[in-house]
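Peer 1: Mind having a look at this structure? Questions to follow.
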Amino acid sequence: MKLKLPISPKKLMVIAGVIILVLYLYFVGFWQIVQIILTLDPRVALLAVLIDILCIALFALSWKVLLTPPGMGFLSCVEVVLVSIFGDMMIPTASVSGEILRVTMTTKKSRLSLGEATASVILHRLILAITFCGVLGCSITLLITTETTQLSAFYSFITLVASTIALSVVGVYLAVNARKFEKYIGGFITRTAPFFRRLKHDYDAEKNRERAVRVLYTFQDSISGAKKGAILASAAIATARYFLVAFIPYLMFYSLNYPISYWAVLTVALFVSMVQLMPIGIPGLVGVIEVSMTGFFMGFGVPAAVAASVTILARLVMFWFELMISGITASYVGVKVALENGMGRRGEAGQTSTPASASSSTSLT
């Protein structure tokens, strides 16, 4: 007998996130935060929103240049990216849910195959990881040279950079040598065939194996055939985006008249992006990101109230604003797909009814 919980796990995670956020606000001083936030210059807030929009556009552009011709238009890429952002926020699985949405929508909105779409997304992720390491290394080096951080913290940062580089190297190797895993994929499909036949009686293991191998070959060909110019352009755009996104919290510090090193803010922004990849299960990692970001800023000597105020202001832009525009985009795409499917069914119904009408008119004559 299965134990049925009175509340779903997803709702439990949402409640957990809210509790973390409430406790966070209580301990750092809610009213003190409100007083600090009220001093924010509205023009700075508007500029932060514009920077966030530009960062989303740069993310889409750094992916677009990697798409195999004919690829997709820039606006279509932005649309797909926004839907994937919404998927990541609602289903926090270390960006897996968002990337699946990106691949699926790319195959539907373009003439790219599943293998080509998957290759573009994975290659883009690898470029983001490598440029992340470069920007983080640059930031840490400048922090050390300007004596903004201690040497002990430097060693911790270096460990994180080294581990990220190692994972990126492994990812590049797996992507370039994808065909070597053909027999393992075939073996997996063969061994799991009995299970899938219980779910679907007409399941054809051989047909699915051939399809998987075809996707695998297309994937590796797309990775190997990627143009160096496109890769370099994507890396340059991704690097610029990393430097730009840190200006959102930096502007908040500036508006609150609190002096801080840009490199410290950049380092915190990069570490927070790593926390966002943790598959904790709380939608939007509400509460978790606030605690992490505030803690990172406090590690650089920022008072708790100021650190919390900047964190909340930055999250208003980088989470709640993005949630709004990505949710609107996802709703728009959902309605559009529903309308297209409805029109398609009506068209099929009209085509099937036409022969019947013709035959009845013939019999009357």
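Peer 1: Within the set of pairs 6+ apart or on separate chains, which have a first residue in region 311-325 that is among the aromatic types (Phe, Trp, Tyr), a second that is modelled with pLDDT under 85 and assigned to a helix (DSSP H, G or I), and C-beta atoms under 6 Å apart?
Peer 2: Pairs that qualify, where the first residue is among the aromatic types (Phe, Trp, Tyr) and the partner is modelled with pLDDT under 85 and assigned to a helix (DSSP H, G or I), are PHE319/GLY284.
Peer 1: Tell me which residues, restricted to region 28-64, are at pLDDT below 90 and closer than 19 Å to SER113 by Cα.
Peer 2: Answer for region 28-64, where residues must be at pLDDT below 90 and closer than 19 Å to SER113 by Cα: there is none.
Peer 1: Any idea how many residues of region 56-87 are more than 13 Å from the chain's Cα centre (by Cα), over 18 Å from VAL335 (Cβ atoms) and not aliphatic (A, V, I, L, M)?
Peer 2: Here the count works out to 9.
Peer 1: Only one of VAL49, VAL81 is buried (at least 22 other Cβ atoms within 10 Å of the Cβ) and closer than 24 Å to ALA314 by Cβ. Can you tell me which?
Peer 2: The conditions single out VAL81.
Peer 1: Can you tell me how many residues in region 177-223 are surrounded by 13 or more Cβ atoms within 10 Å (Cβ to Cβ) and either at pLDDT below 70 or not polar (S, T, N, Q) (or both)?
Peer 2: Matching residues across region 177-223 total 29.
Peer 1: Okay, next question. Restricting attention to region 293-305, which residues are in a helix (DSSP H, G or I) and either out of contact with any helix residue (DSSP H, G or I) (no Cβ under 8 Å at 6 or more places or on another chain) or surrounded by fewer than 22 Cβ atoms within 10 Å (Cβ to Cβ) (or both)?
Peer 2: Let us first name the residues in region 293-305 that are in a helix (DSSP H, G or I), namely 293-299, 304-305.
If the condition is that a residue be in a helix (DSSP H, G or I) and either out of contact with any helix residue (DSSP H, G or I) (no Cβ under 8 Å at 6 or more places or on another chain) or surrounded by fewer than 22 Cβ atoms within 10 Å (Cβ to Cβ) (or both), then GLY295, PHE296, MET298, GLY299, ALA304, ALA305 are the ones that fit.
Peer 1: Going by what's in this entry, would THR311 be described as at pLDDT 85 or above, touching a Leu at 6+ places or on another chain (Cβ under 6 Å) and under 30 Å from SER255 (Cβ atoms)?
Peer 2: Working: at pLDDT 85 or above: yes; touching a Leu at 6+ places or on another chain (Cβ under 6 Å): no; under 30 Å from SER255 (Cβ atoms): yes.
Judged against the criteria, THR311 is not a match.
Peer 1: For residues that are among the polar types (S, T, N, Q) and crowded, with 18+ Cβ neighbours inside 10 Å, scanning just region 224-245, find the one that is modelled with the highest pLDDT. So that I can check it myself, show each step before the final result.
Peer 2: Restricting attention to region 224-245, the residues satisfying the condition of being among the polar types (S, T, N, Q) are 224, 234, 239.
Of the ones still in play, those that are also crowded, with 18+ Cβ neighbours inside 10 Å are 234, 239.
On the way: SER234: 91, THR239: 94.
Among them, the one singled out is THR239.
The values are calculated or read from the model by the stated rules, or taken from the named source; none is laboratory data. Source: prediction; values computed, not measured. Reconstructed Cβ throughout: ideal geometry from the backbone, glycine too, with neighbour counts over all protein chains shown.
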